[in-house]
Amino acid sequence: TFTCQPVNWTKRKTGDEESNPLPSFIDKQINDLFFFRNRLGIVSGENVILSKSADYFQFWVSSAVQVQDTDPIDNAVSHNMVSTLYHAVPFNDELLLFSAQTQFVLRAEGVLSPKNAHIDQVTEFDCLTSVRPVGAGRNVYFPTERQEYTSIKEYYAVQDVQNIKNAQDITTHVPYLIPNGIHKLLSNTTENILLALTTGNEARIYIYKYLFINDSQVQASWSHWDFGVDVKILGGGFIDSTLYLMIQR
């Protein structure tokens, strides 16, 4: 049984506007929602806001005079340009944060708390902000638009150096395959497959088939499924190894 209703947010019980201020997402646009280390996370503007640990609808500190490890976290990214955050992807005990041109990582040594949480700038790659990056195994995939066609980048941690990130273009050998207009990436690690849906050709699904053996990539192939004329693929998702699609005919 599922219930859809407004959230009963916890009210402020200690302090005032100065000692226990409003969370930074209040009266601002929320770009993403996620869960990370048993906290509800919100991306808004240049800030990442995490709820109180194990209390998803509590964004107030417990004490106005003492910081506790379970208190909410509200941190902003630091960059020499405005870096509005659009997506947050939990990945390998870290939180990847994506703006239009820059990637950041929220880290914490040991228990995640307001005392040790910090955000580091790690890379600068252009990213299509309208599409949520997806994780697949040890990598994260996100699109970047060129003049008429789209590139898909594979984001990964450099081997043996977890704190250093890099990205490679997995569409280099097919630069004119995927037309601009990607609105959804679908991933399934059981089948080692990544799917892309685009308004540039609404009757096709673009397929990236990959395989890693002993840390070496032995397959990286692109193809497409064509569903014929007068077909519009609206969206879809995987459950186990089965792909479910919503199609307008």
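Considering the stretch 62-83 alone, what residues qualify as being hydroxyl-bearing (Ser, Thr, Tyr), touching a Ser or Thr at 6+ places or on another chain (Cβ under 8 Å) and surrounded by fewer than 15 Cβ atoms within 10 Å (Cβ to Cβ)? Of everything in the stretch 62-83, just one residue is hydroxyl-bearing (Ser, Thr, Tyr), touching a Ser or Thr at 6+ places or on another chain (Cβ under 8 Å) and surrounded by fewer than 15 Cβ atoms within 10 Å (Cβ to Cβ), namely Ser63. Within the stretch 72-112, being closer than 20 Å to Thr10 by Cβ and at pLDDT below 95 holds for one residue alone: Leu112.
With respect to being at pLDDT 95 or above, closer than 29 Å to Asp69 by Cβ and open to solvent by less than 10 Å² (accessible area, probe 1.4 Å), Ser151 falls outside the description. Of all residues in the stretch 213-244, those being touching a residue at least 24 places away in the same chain (Cβ under 8 Å), within 25 Å of Tyr176 (Cα to Cα) and open to solvent by less than 60 Å² (accessible area, probe 1.4 Å) number 7. Scanning the stretch 37-54 for residues that are of a type in the set (D, E, K, R) and either at pLDDT 95 or above or open to solvent by less than 40 Å² (accessible area, probe 1.4 Å) (or both) yields Arg39, Glu46, Lys52. I'm checking my understanding of the structure. Among residues of the stretch 165-192 that are among the hydrophobic types (A, V, I, L, M, F, W, C) and over 18 Å from the mean Cα position of the chain (by Cα), which one is nearest to Val134 (Cα to Cα)? Once the filter is applied, the top-ranked residue is Ile170. Contact annotation: residue pairs with Cβ atoms under 8 Å, 6 or more positions apart or on different chains, pairing a residue in the stretch 112-137 that is over 15 Å from Ala196 (Cα atoms) with a partner that is open to solvent by less than 20 Å² (accessible area, probe 1.4 Å) and acidic (Asp, Glu), are Ser113/Asp71; Pro114/Asp71. Across the stretch 186-204, the qualifying residues are those that are of a type in the set (Ser, Thr, Tyr) and farther than 22 Å from Glu145 by Cβ, and the one among them that is least open to solvent (accessible area, probe 1.4 Å) is Thr189. In this structure, does Pro21 turn out to be closer than 27 Å to Phe104 by Cβ and out of contact with any His (no Cβ under 8 Å at 6 or more places or on another chain)? So Pro21 fits the description; yes.
The values are calculated or read from the model by the stated rules, or taken from the named source; none is laboratory data. Please read these numbers as outputs of a predicted model, since none were measured by experiment. For neighbour counting, all protein chains shown are included, and Cβ atoms are generated from backbone atoms with ideal geometry for every residue, glycine included. For the accessible areas, the whole protein counts, side chains as well, though only heavy atoms, and no ligand, DNA or RNA atoms are used. Shrake-Rupley method; radii C 1.70, N 1.55, O 1.52, S 1.80 Å.
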